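Reading through the structure tokens given below for one structure.
Rule-based calculations on the coordinates, nothing more; no lab input. This one's a predicted model, so the numbers in the text were calculated from it and none came from an experiment. When we count neighbours, we look across all protein chains shown, and the Cβ atoms used for this are built from the backbone with ideal geometry, even at glycine.
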Amino acid sequence: MSSANDHRPHLFGIAYRMLGRVTEAEDMVQEAYLRYHLELEGSISLPKAWLTKAVTRLCIDQLRSARRQREEYVGSWLPEPIIGENLPDELADTLSTAFMLMLETLSPVDRAVFILREAFDHDYPAISEITGRSEAACRQIVSRAKDKLGRQSTNAPTATEEAERLVREFLSAAQSGELSQLLALLTDDAILYSDGGGKVRAALLPIYGPDRIGRMFMGMRRLNTEGSPPPRFVTINGSPGVVISHGEQGVSVMTFAFEGNRVKAVYVVRNPDKIAGVLP
């Protein structure tokens with residue numbers, strides 16, 4: 001017989017997709033369990049449903065209260081990366097940095113409805129009960145969200161082997177200074193996001209186009225100091241990524257989005273508050 005604690009991975013999966021921060025997600029799960037125990041748990045016939053509703057509503061409230069903080073965030077905001085071996089469930093496609101970044105365009109309630117439906121396949125009566133919106137409204141929210149997000153998140157993913165090869169080729173070209181090779185690996189509309197949180201050096205605005213991205217990586221070569229450990233290739237948020245140490249200049253955690261056999265987007269997290277979990 002399963003216990004209420006067995007639902008922690010599921011609850012964390014919802015909370016992380018809602019908030020994009022590991023510690024905040026864990027706090028929401030812990031608060032949901034605290035309320036569960038205070039509610040006389042023996043009287044709750046469906047613990048998973050009760051806890052799912054509790055953690056979702058806590059996350060909605062958290063997003064609302066943190067709205068100003070998000071708006072005043074210095075530079076691009078990217079989700080806190082999670083090393084692949086520690087993924088809480090098998091739904092890695094809805095944990096990708098690209099998917100998480102697109103969720104940022106949705107309101108807290110719309111985000112909850114969309115996540116519960118698209119990532120966890122909850123039916124509309126359950127989503128209505130959890131969010132307090134009517135079933136018809138929930139259906140409209142999902143439909144609008146799909147239109148708004150352009151269905152980019154459901155494109156067939158690049159094969160893992162091919163994606164890993166592209167990441168290694170990209171990093172090799174960036175580190176060796178082979179600009180032409182680097183440009184050939186980027187799509188014509190490639191974009192780079194860099195999240196330093198105002199605490200370390202990072203581009204404040206997204207960088208558009210292969211030429212500008214290439215020049216930025218050529219400049220980043222100066223951060224590589226002699227004696228720095230070699231790049232660490234890992235799976236981050238379900239996709240191939242790399243962790244690069246720049247010595248005293250900090251650490252860069254990079255993930256990618258692909259289109260065919262080229263890189264469509266590069267996501268660089270340098271905010272030290274967000275990368276403690278991926279450091280050796």
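Among GLY241, ALA174, ALA276, whose Cα lies farthest out toward the positive end of the dipole of region 160-278, if unit charges sit on the beta carbon of Lys, Arg (+1) and Asp, Glu (-1)?
ALA276
Out of residues 5 or more away from VAL234 or on other chains, whose amide H comes under 5 Å of its own, with H placed 1.01 Å from N in the peptide plane?
So VAL234 has HN proximity to GLY241, VAL242, VAL243.
Angle check, please: helix 47-65 long axis (alpha carbons) against the longest principal axis of the chain (alpha carbons), in degrees 0 to 90, nearest 10.
For helix 47-65, the angle is close to 60 degrees.
Counting Lys and Arg as +1 and Asp and Glu as -1, each charge on the Cβ, what is the dipole of region 4-153 about the Cα centre in debye, to the nearest 20?
The dipole of region 4-153 has a size of about 600 debye.
At most 11 other Cβ atoms within 10 Å plus a DSSP loop assignment makes a site exposed; report the longest stretch of the chain without any exposed GluC sites (Glu not before Pro).
In the chain, the maximal stretch lacking such sites is 91-225.
What pairs from LYS53/LYS148; LYS53/LYS199; LYS53/LYS146 go past 32 Å between their alpha carbons?
In this structure, LYS53/LYS199 exceed 32 Å between Cα atoms.
Would you mind counting up the charge near ASP123? Only other residues with Cβ under 13 Å from its Cβ, with Lys and Arg at +1 and Asp and Glu at -1.
-2
Give me D for region 160-278 in µm² s⁻¹, whole number, from Stokes-Einstein with Rh from the Kirkwood sum over alpha-carbon pairs, 20 °C and 1.002 mPa s. Intermediate values should be presented prior to the final figure.
On the way: Rh = 14.3 Å.
My calculation gives 150 µm²/s for D.
Dimensions of the chain along principal axes (Cα, Å, largest first)?
Its Cα atoms span 64, 38, 38 Å along the three principal axes.
Kindly state, to the nearest 0.05, the FRET efficiency for VAL74 paired with GLU26, given R0 = 22 Å and r defined as their beta-carbon distance. The partial results should precede the final answer.
Working: r = 24 Å, r/R0 = 1.11.
So the FRET efficiency works out to roughly 0.35.
Using only DSSP helix segments of four residues or longer, with each worth -39500 (n - 2.57), what per-residue ellipticity at 222 nm results for the chain after dividing by its residue count and rounding to 500?
-13500 deg cm²/dmol
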